[in-house]
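Engineer: I have a structure here, written as structure tokens, and I will follow up with some questions on it.
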Amino acid sequence: MKTVSTLADLRAETQVLRQGGTIALVPTMGALHEGHLALVRAARAACDHVAVSIFVNPTQFGPNEDLERYPRQLAEDSAMLEAEGAALLWAPDLAEMYPPGFSAKVSVSGVSEDFCGASRPGHFDGVATVVLKLFNQVQPDMAFFGEKDFQQLAVIRTMARDLDLVRPHADAIIGVPIVREADGLALSSRNRYLSPAQREAAAVLPLAMQEAIARIEDGQNVTRTLAALEDEILGGGFDSIDYAELADACTLQRLDELGVAPARLLVAARIGGTRLIDNMAVVKG
Ligand code: PAF
């Protein structure tokens, strides 16, 4: 695996790879875990070469968020990617990604506005901007993102569709299912912030979501089920809830009843100083 940290080197390496076949991009902020490795495996199965980017993107963090303490472990991440057969690691520094005078911003309205967009103002502008840059830098045939950031995936697909992206085309932006711990907690780089007691309590989140989904799929009242879900999450040790909502899986419009269109239960909740998100499919029975 080659590691590059300048745009000039990236262009030279991607040119070589492109001559030998297709390129998949897996954008990450590092601190890799099995969830990221599942993206790399899916990317390897679909394309000839896999490029992975590692860049902790400051523009998607709010002023009081965890940018400073976000885990950075490039050597460890690089060894994991090498073992997974990635061809290229793109690890630019801040000045390479955002040179002095940088002033562009990509904003996707609609799907970005509710949920994490409401509780993290500016977050999705930062994500869309850096992801469009990564797409233009690497020009991959396909790109792979975790479904754990379900709204992020919708924002990126909308951006690709609305801006007529060619590399990758909107249809070549692939969502990979969430990887979970044995007790159901979705893998996240932020899980490492949890104390042992918080980590144990955090398992209430996926468990309570599964129970709520069973009730909704069974035809029970959505509003009352979501209220009970919030009570259960808070009763299980979480300190606050940013949102716990049923939404249309494509438009991310809130739903107060389950229709025929695919739906998703989306939750963001805080335990101690850590904000965890999760989502699950809800299917009409
Ligand atoms: O999902 C992430 O890790 C980040 O939001 C991404 C897509 C790499 C953009 O910085």
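Engineer: Peptides 10-20, 258-268: what's the order by average Cβ count within 10 Å, highest mean first?
Structural biologist: Listed from highest to lowest mean packing, they are 258-268, 10-20.
Engineer: If we sort 213-223, 171-181 on the protection proxy, mean other Cβ atoms within 10 Å, highest first, what's the order?
Structural biologist: 171-181, 213-223
Engineer: Out of all DSSP beta bridges with both ends in the chain, state the antiparallel percent to the nearest 5. Could the numbers behind the result be given before it?
Structural biologist: Working: 19 of 37 bridges.
If I count the DSSP bridges inside the chain, around 50 percent turn out antiparallel.
Engineer: Right, something else. Find the eigenvalues of the gyration tensor of the Cα atoms of the stretch 1-147, then list the square roots of 5 times those eigenvalues as equivalent ellipsoid semi-axes, largest first, in whole angstrom.
Structural biologist: Numbers: eigenvalues 126, 56, 50 Å².
With the √(5λ) rule applied to the stretch 1-147, the semi-axes are 25, 17, 16 Å.
Engineer: Okay, moving on. Expressed as a rounded percentage, what relative contact order does the chain have, with Cα pairs under 8 Å and six or more residues apart?
Structural biologist: With pairs under 8 Å counted, the relative contact order is 17 percent.
Engineer: Lysine pairs in the chain with Cα distance under 25 Å, only those 8 or more apart or on different chains: how many are there?
Structural biologist: On the way: LYS2/LYS133; LYS105/LYS133; LYS105/LYS148; LYS133/LYS148; LYS148/LYS284.
The number of close lysine pairs in the chain is 5.
Engineer: Using only DSSP helix segments of four residues or longer, with each worth -39500 (n - 2.57), what per-residue ellipticity at 222 nm results for the chain after dividing by its residue count and rounding to 500?
Structural biologist: Values: 10 runs with 108 residues, N = 285.
After summing the helix terms and dividing by residue count, I get -11500 deg cm²/dmol.
Engineer: On to the next question. Binned at 10 Å from 0, what are the whole-percent values of the Cα-Cα distance distribution for the chain, short to long?
Structural biologist: Reading upward from the zero bin: 6, 28, 35, 22, 8, 1.
Engineer: To continue, here is another question. Output the relative contact order of the stretch 199-285, whole-number percent, from Cα pairs under 8 angstrom with separation of 6+ residues.
Structural biologist: Computed over the stretch 199-285, the figure is 28 percent.
Engineer: Could you rank MET209, MET1 by how accessible they are, 1.4 Å probe, largest area first?
Structural biologist: MET1, MET209
Engineer: Could you give the accessible area per residue of the stretch 90-223, probe 1.4 Å, as a whole number in Å²?
Structural biologist: Ligands and nucleic acids excluded, the result is 45 Å² per residue.
Engineer: Of all the accessible heavy-atom surface of the chain, with the other protein chains kept in place and a 1.4 Å probe, what percent is carbon and sulfur? Before the final figure, lay out each step's value.
Structural biologist: Details: 6560 of 12860 Å².
Summing carbon and sulfur atoms, their accessible area is 51 percent of the total for the chain.
The values are calculated or read from the model by the stated rules, or taken from the named source; none is laboratory data. Worth saying up front: this structure is predicted, and the values here are computed from it rather than measured. Quick reminder, even Gly has a Cβ in these numbers, built from the backbone with ideal geometry, and neighbours come from all protein chains shown. Accessible surface areas use protein heavy atoms only, side chains included; no ligands, DNA or RNA. Shrake-Rupley method; radii C 1.70, N 1.55, O 1.52, S 1.80 Å.
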